[in-house]
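Have a look at the structure below before the remarks.
The values are calculated or read from the model by the stated rules, or taken from the named source; none is laboratory data. In this text the structure is predicted, and so the values were computed from the model without any measurement. Using ideal geometry, Cβ is built from the backbone for each residue, glycine included, and neighbour counts are taken over all protein chains shown.
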Amino acid sequence: MASAMMKVTCPLCKEPMELDSSEHDEGDFVRCEECGELLTLEVKKGKFKLVTDQEKKFEEMKGLDDEFDTEGDEE
């Protein structure tokens, strides 16, 4: 069975990379060969994306803010 290559881009240096989808899953860490940044592989709507630790924390905090905003509306 042939492995499928997925194209992703480093969010910091914009270096294009190819990863073997049979060797990587969502949540895996990948190091950019160009800038050396440790990135997390995410899958959204069937597309692979690399995110920095800072981006991941921002998304988590935004989700928490949304939860607190809806709880405040109940009072």
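Condition check ((1) more than 12 Å from the chain's Cα centre (by Cα); (2) surrounded by 11 or more Cβ atoms within 10 Å (Cβ to Cβ)) across all residues:
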{"residue": "His24", "(1), (2)": "yes, yes"}
{"residue": "Val30", "(1), (2)": "no, yes"}
{"residue": "Glu34", "(1), (2)": "yes, yes"}
{"residue": "Thr40", "(1), (2)": "no, yes"}
{"residue": "Lys44", "(1), (2)": "no, no"}
{"residue": "Lys56", "(1), (2)": "no, yes"}
{"residue": "Leu64", "(1), (2)": "yes, no"}
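Within region 35-62, the residues that satisfy the criterion of being without any contact (Cβ under 8 Å) to a residue 40 or more places away in the chain, not aliphatic (A, V, I, L, M) and not in a loop (DSSP other than H, G, I, E, B) are Thr40, Glu42, Lys44, Lys47, Asp53, Gln54, Lys56, Lys57, Phe58, Glu59, Glu60, Lys62. Does Gly27 fit the bill of being more than 19 Å from Met5 (Cβ to Cβ), at pLDDT 90 or above and not hydroxyl-bearing (Ser, Thr, Tyr)? So Gly27 passes the test.
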